[in-house]
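The values are calculated or read from the model by the stated rules, or taken from the named source; none is laboratory data. As the structure is a computational prediction, the values presented were derived from the model and not from experiment. Every residue, glycine among them, receives a Cβ derived from its backbone with ideal geometry; neighbour counts consider all protein chains shown.
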Amino acid sequence: MRVLVTGGSGFVGSNLAIALKNVYTSAEIVSFDNLYRRGSDLNVPRLKSSGVVFHRGDVRDPESFPTGPFDFLIECSAEPSVLAGLGGSPDYLMQSNLMGAYYCLERARQWNSAFIFISTSRVYPIMRMEAHPWREEKTRFRWCDEGTKGITSFGVDENIEMTGARSLYGFTKYASELLIEEYRAAFGLRTVINRCGVIAGPWQFGKVDQGIASLWVLGHHFGRPLTYIGYGGHGKQVRDFLHVQDLCELIIEQIDEFSAWDGWVGNVAGGVSNAGSLCELTSLCREVVGRETSIKTEPGNRPADLRIFIGDCGKLFSRTTWRPRRNLPRIVEDIATWVREPSALLENL
């Protein structure tokens, strides 16, 4: 078996490529990445030491793809920031996320590869989620059960009305989903689309606009100031968190039983049991890391922000026994353990 993982030196891609090699020991797992994101080059030695083949190239350049065919093409490459393209040119975002997905689909068509797409919860329209009734509790906001089709206290499900703006980043991923459906109809391509929530875990280099769990642990570990941004600046906005290894385990199941998963489009998230607010995350980090850091407040909202996102995985759970096994405290513990090992290297980043 040959498997190509695009974005294979990024956070999800590198963890997935190594997990695949650990399970399919005789398979050739190829990590394909342009090393654009800061810190991604640190994953190359990890990949090689695990037996993963690293190939440098760019999904925007079809001539830079490795030589096929591949049995599976897993598309993890993306500019992952919801703020990408705002306040400047969206060219890299569009070329990388949308045209990159197109070039990956073309290679999968030519190679007759099974295609797994790492999509995002950000495909859902912002204003529908923002307009849903909510209540304020001591440490978080919480959705009410009634008010918007497709949203309950358990989260957003796949039946939500999809019209409306979703951020430029969300658009590129949703447009890619629609393009995948066209390739299924036109060419019989076999595909899986996983709409992932906030994926977290070791080897994620957190930033303000992406990788919030790692950013929070890193901030506490190095004593760097953090900020509650938006919704009054109290840190009550909520996300659900999915450990990257839980995602890897699901993708391995999808590979093993691909004919049963062919055509799947749906949420893959931590769900309501793995949800937490920023101020709850702060408490966890103080406990696990063992130190505090200053928290500033900026009451004003950022563009494309959300008060709450939780993915309802009822559709997913109805078809598989897979469940997220690593909760939010475990995610924080795993990141904190990882940070202690290459601490000096990470501090430079």
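Scanning region 119-143 for residues that are farther than 28 Å from ILE193 by Cα and assigned to a loop (DSSP other than H, G, I, E, B) returns PRO133, GLU137, LYS138, THR139, ARG140. Among the residues of region 102-129, the ones that are under 22 Å from LEU250 (Cβ atoms), among the aliphatic types (A, V, I, L, M) and touching a Lys or Arg at 6+ places or on another chain (Cβ under 7 Å) come to 2 in all. Of the residues ARG140, ARG128, ARG109, ARG122, the single one that is touching a Cys at 6+ places or on another chain (Cβ under 8 Å), basic (Lys, Arg) and in contact (Cβ under 8 Å) with a residue 24 or more places away in the chain is ARG140. The residue pairs whose first member lies in region 221-232 and is basic (Lys, Arg), whose second member is assigned to a helix (DSSP H, G or I), and whose beta carbons are closer than 8 Å, counting only pairs six or more residues apart or on different chains, are ARG224/LEU218. Could you tell me whether any residue of region 200-208 is in contact (Cβ under 8 Å) with a residue 40 or more places away in the chain, of a type in the set (A, V, I, L, M, F, W, C) and within 30 Å of GLN110 (Cβ to Cβ)? The answer is no; no qualifying residue exists. Which ones in region 103-142 are among the hydrophobic types (A, V, I, L, M, F, W, C), farther than 22 Å from ASP256 by Cα and crowded, with 21+ Cβ neighbours inside 10 Å? Within region 103-142, VAL123, MET129 meet the criteria.
The residue list LEU278, LEU250 contains one member that is of a type in the set (A, V, I, L, M, F, W, C) and under 17 Å from ARG326 (Cβ atoms), which is LEU250.
Of all residues in region 168-201, those that are part of a loop (DSSP other than H, G, I, E, B) and at pLDDT 95 or above total 4. In region 1-68, counting only strands (runs of 3 or more DSSP E) that sit wholly within it, the ones holding 2 or more residues that are buried (at least 20 other Cβ atoms within 10 Å of the Cβ) and more than 19 Å from the chain's Cα centre (by Cα) span 28-33.
If you filter region 11-63 down to residues that are β-branched (Val, Ile, Thr) and in contact with a Phe, Trp or Tyr (Cβ under 6 Å, 6 or more places away or on another chain), you find that the one that is nearest to GLN95 (Cα to Cα) is VAL59. Please indicate, with yes or no, whether at least one residue in region 45-59 is among the small types (Gly, Ala, Ser) and either outside the structural domain of LEU178 (by TED's automatic domain parsing) or within 27 Å of GLN210 (Cα to Cα) (or both). Within region 45-59 (the criterion being among the small types (Gly, Ala, Ser) and either outside the structural domain of LEU178 (by TED's automatic domain parsing) or within 27 Å of GLN210 (Cα to Cα) (or both)), the answer is yes, since at least one residue qualifies.
Is region 207-216 home to any residue that is part of a strand (DSSP E or B) and out of contact with any Cys (no Cβ under 6 Å at 6 or more places or on another chain)? Yes.
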